[in-house]
Amino acid sequence: MVHRFSSRVNNLGESFFKNALQHATSYDRIAGYFSSSIIEIAGEYIDQMEGKVRIICNSQLQIDDVKFIKDQPQAMKLEWCDGKPEEELQKIPERLKRLHRYLITGKMEVRVLPNEVFGLIHGKAGVITMKDGRKTAFMGSMNETYNGWGAGGNYEIAWVDNDDTAIQWVQQEFDALWQHPLARPLTTFIIEDIKRIAER
C-alpha cells in the first residue's frame, strides 16, 4: 500500500520516520548527505535495533583518489578537515559520543561514494525491515539529517510503499551503490576524530 507524506502538512519525522523505525530491526539508506543530527530523531530506535543501519552517501572525493587505496584515506581526511568539524561539532558532544559508539560497534556503517560516480543528492531512498520480517520502502527529497526529515522547517516529501516489487527495487538500488567498487567506508581517522571532538 502506498502512503504519501508532505512536511507542508505534517512533520515527516513524526508522521512517518519514527513510527517506521519503532519496530525496525535494520535500515538501509541512500542519501546525498548524512549528519549526526539524525540521532536526535532516530537514536532511541537505532539503540533498539537488533541489526544495523547502513548509509551510502556522497562525498567530494575524486574518483582518482578512491581508485588507489593508499590515497583514499588521505583524501577523505582532507575533505573531513576542510569541513572544519571542530567548529561544527563541538557543541554536540553527547550526540557525537553516540555516533562514535554506533560506528565502532558496527551498529551503523557509513560508506561514501564520489559525487562524480553518482550524485546521490538527487536520488534518495531507503528500506526499513521490521522485527516480524515485513519491509517498507520509501523515496523522497529527504537527506539523512534532522532538517532532511522535516524537523528543521525544510519542505520535504516522501512516497512510502510496502509492495514487494517496490521494496525489491529500492533494495537492489541500495545494494548496487553499497557494493560499488568506488564506495568506501569512513576512515579510522574520521571515526577517531569524532571521538576526539566529543571528548573535548
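Below, the figures for the structure above:
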{"item": "Nitroxide proxy distance, nm - points 7 Å out along Cα→Cβ at TRP178 and GLU116", "result": "2.7 nm"}
{"item": "All Cα pairs of the range 100-186, percent lying beyond 20 Å", "result": "46 percent"}
{"item": "Exposure of GLU109 as accessible area (Å², to 10), given a probe of 1.4 Å and all protein chains", "result": "60 Å²"}
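The values are calculated or read from the model by the stated rules, or taken from the named source; none is laboratory data. Computed from a predicted structure; not experimentally measured. Positions of Cβ are generated from backbone atoms using ideal geometry, with glycine treated the same way; all protein chains shown enter the neighbour counts. For accessibility, only protein heavy atoms count, side chains too; no ligands or nucleic acids. Shrake-Rupley method; radii C 1.70, N 1.55, O 1.52, S 1.80 Å.
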